[in-house]
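*Asks:* Here you go, one structure.
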Amino acid sequence: MNPSVSRENFDRWIVPTYAPASFVPVRAEGSTLWDQQGNAYIDFAGGIAVNALGHAHPDLQQALQQQAARLWHTGNGYTNEPILRLAKQLIDATFADRVFFCNSGAEANEAALKLARKYAHDQAGEQKSGIVAFKNAFHGRTLFTVSAGGQPAYSKDFAPLPAGIQHAVYNDLASAAALINDQTCAVIVEPIQGEGGVVPAEPAFLRGLREICDRHQALLIFDEVQSGVGRTGSLYAYMHYGVTPDVLTTAKALGGGFPIGAMLTTEKLAAAMSVGTHGTTYGGNPLAGAVGGKVMELINTPEMMAGVALRHQWFIDGLNGINQRLRLFSEIRGLGLLIGCVLNQDYSGKAKLINQAAAKEGLMVLIAGASVVRFAPSLIISEEEVKEGLARFEAACRAVIEGAGS
Ligand SMILES: *Cc1c(COP(=O)(O)O)cnc(C)c1O
């Protein structure tokens, strides 16, 4: 028999890097989760833009179970069929010729940054090592990626940090141009800053970065860990913008909840990563390959992308209605099903309170910084669930407004 466990055990047993909600989810289906007490929650969080096909999708269950009965792991001394099929799907669907598989977004970015350094060292010498990233960016929590991220609060306690990384202002091309030169090996950017507050890039900003990178032979890396796999209504956000990177990282929704990450690049750049230059024990394992392949098959269709656009409109219409009644948000922004509600001055800093009030109403939402409420639901969430979830969201907002003076 399993011993009983509860939320209190977290506070005693787990390294306290997280402050999870007061309830413990035990089961989920589609866009509904149930906790230990049997309370139901509508899921507008999507496991932080991961559960793109909701929970317990029957086709994903089948893909995982069939593979689980065949082959789990061999290590990279052997390749396997599911990961080769997924690589082909990604190559056929994008600009890329080559794929490196890993297990998370941070690892995909780590691989991208290492590729950029290696390629530049090979081509131009070790002085071409500069990396330009952006303030408020998020690229993961390894020391290299957290240093590339533009939130010093996440990196400063771990100094000394990897050298050679500078941060420009997002959506400010001049500030990037001032830092990019012939010693720059790469520019890494999110087409939409997710953790940084759901801030879409301006098209001219990404186009300009592409031009400046070409001028200085610097690689343009798009971190699409959050924006990828249909989230914006395009398979990858670079397609929406019409700006093609040299390297693209993808993770989160690619596994629909199963851990996987990937770095996509061109034939020419991939050649720098010769045998032995980089690796991971679990990267490209058959279980992740099987699930990722099914996710790609289900998401990379025109119908799915049209469905994201439709759902975007349900959210925007509903949220605009709420805002007309409650006057909470200064802006509602985002692309597809990555949406941020920016709290106005009166409620600034209260996103976490709304998140907690929403849980009490039976709704899971995300925050992106102290003053942005973020939604990243399943790409196939139903109209009824969106309506009911938004009603619960409005109730949660009212509760915060009523308690706001206290
Ligand atoms: C979540 C995220 C990462 C990190 O992914 P992990 O799987 O948590 O390592 C990197 N970049 C972006 C844009 C993300 O949203």
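None of the figures in this text is laboratory data; all of them are computed from the coordinates on show. All figures in this text were calculated on a predicted structure; none of them were measured in a lab.
*Asks:* Helix 302-326 sits at what angle to the longest principal axis of the chain, using alpha carbons and giving 0 to 90 degrees rounded to 10?
*Replies:* In the chain, helix 302-326 runs at an angle near 50 degrees to the longest axis.
*Asks:* Per the Kirkwood treatment, what hydrodynamic radius in Å, one decimal, follows for the range 247-406 from the mean inverse distance over all distinct Cα pairs? Can you show the working numbers first?
*Replies:* On the way: mean 1/r = 0.0552 Å⁻¹.
Here the Kirkwood hydrodynamic radius works out to 18.1 Å.
*Asks:* For the range 71-299, what percent of Cα pairs sit more than 33 Å apart? Could the numbers behind the result be given before it?
*Replies:* Values: 2962 of 26106 pairs.
The proportion of pairs with Cα distances above 33 Å equals 11 percent.
*Asks:* Please list, in order along the range 42-59, the HN-Hα scalar couplings obtained from phi with the Karplus expression 6.51 cos²θ - 1.76 cosθ + 1.60 (θ = phi - 60°), rounded to whole Hz, x for Gly and Pro.
*Replies:* Those phi angles translate into 7, 9, 9, 9, x, x, 6, 6, 9, 7, 5, 10, x, 9, 6, 4, x, 5 Hz.
*Asks:* Taking only Cα atoms and a 10 Å spring cutoff, compute GNM fluctuations for the chain and point out the largest among A186, A112, A21.
*Replies:* A21
*Asks:* Per residue, what volume in Å³ does the convex hull of the Cα atoms of the range 1-75 enclose?
*Replies:* Working: hull volume 13.6 nm³, N = 75.
Spelled out: Cα convex hull of the range 1-75, divided by residues, is 181 Å³.
*Asks:* Another question about this same structure. If you take the Cα Rg of the range 225-320 and divide it by 2.2 N^0.38 Å, with N the number of residues, what do you get? Before the final figure, lay out each step's value.
*Replies:* Details: Rg = 15.8 Å, N = 96, 2.2 N^0.38 = 12.5 Å.
Taking the Cα Rg and dividing by 2.2 N^0.38 Å, one obtains 1.27.
*Asks:* Mind checking which lysines have their C-alpha under 24 Å from K135, skipping anything on the same chain fewer than 8 residues away?
*Replies:* Excluding near neighbours in sequence, the set is K114, K156, K252, K350, K352.
*Asks:* Where the centre of each part is set by its Cα atoms, how far does the range 1-75 sit from the range 232-302, in angstrom?
*Replies:* 23
*Asks:* Of the DSSP beta bridges with both residues in the chain, give the percent that are antiparallel, rounding to the nearest 5. Please report the intermediate quantities before stating the final value.
*Replies:* On the way: 31 of 48 bridges.
Looking only at bridges with both residues in the chain, the antiparallel portion is about 65 percent.
*Asks:* Express as a percent, rounded to the nearest 5, the fraction of DSSP beta bridges in the range 71-299 (both residues included) that run antiparallel.
*Replies:* Percentage antiparallel, nearest 5: 40.
*Asks:* So for the range 1-104, averaging the separation of alpha carbon pairs under 8 Å that are six or more residues apart and normalising by length, what relative contact order in percent results? Spell out each step's value before the answer.
*Replies:* On the way: 57 pairs, mean separation 13.6, N = 104.
Relative contact order for the range 1-104 comes out at 13 percent.
*Asks:* Pop out the ³J(HN,Hα) list for the range 389-398 in order, Karplus 6.51 cos²θ - 1.76 cosθ + 1.60 with θ = phi - 60°, rounded to Hz; leave Gly and Pro as x.
*Replies:* x, 5, 5, 5, 5, 4, 4, 5, 4, 4
*Asks:* Sticking with this one: When the chain is modelled as a GNM with alpha-carbon springs shorter than 10 Å, which of R374, R311, R141 fluctuates the most?
*Replies:* R141
*Asks:* If you don't mind, another one. Would you kindly calculate the mean projected area, averaged across all directions, of the convex hull enclosing the Cα atoms of the chain, in square nanometres?
*Replies:* Projected area, direction-averaged: 21.0 nm².
*Asks:* As a check on your grasp of the helix formula, calculate [θ] at 222 nm for the chain: sum -39500 (n - 2.57) over DSSP H runs of n ≥ 4, divide by the residue count, round to the nearest 500. Walk me through the intermediate numbers first.
*Replies:* Working: 15 runs with 163 residues, N = 406.
Estimated from H runs of four or more residues: -12000 deg cm²/dmol.
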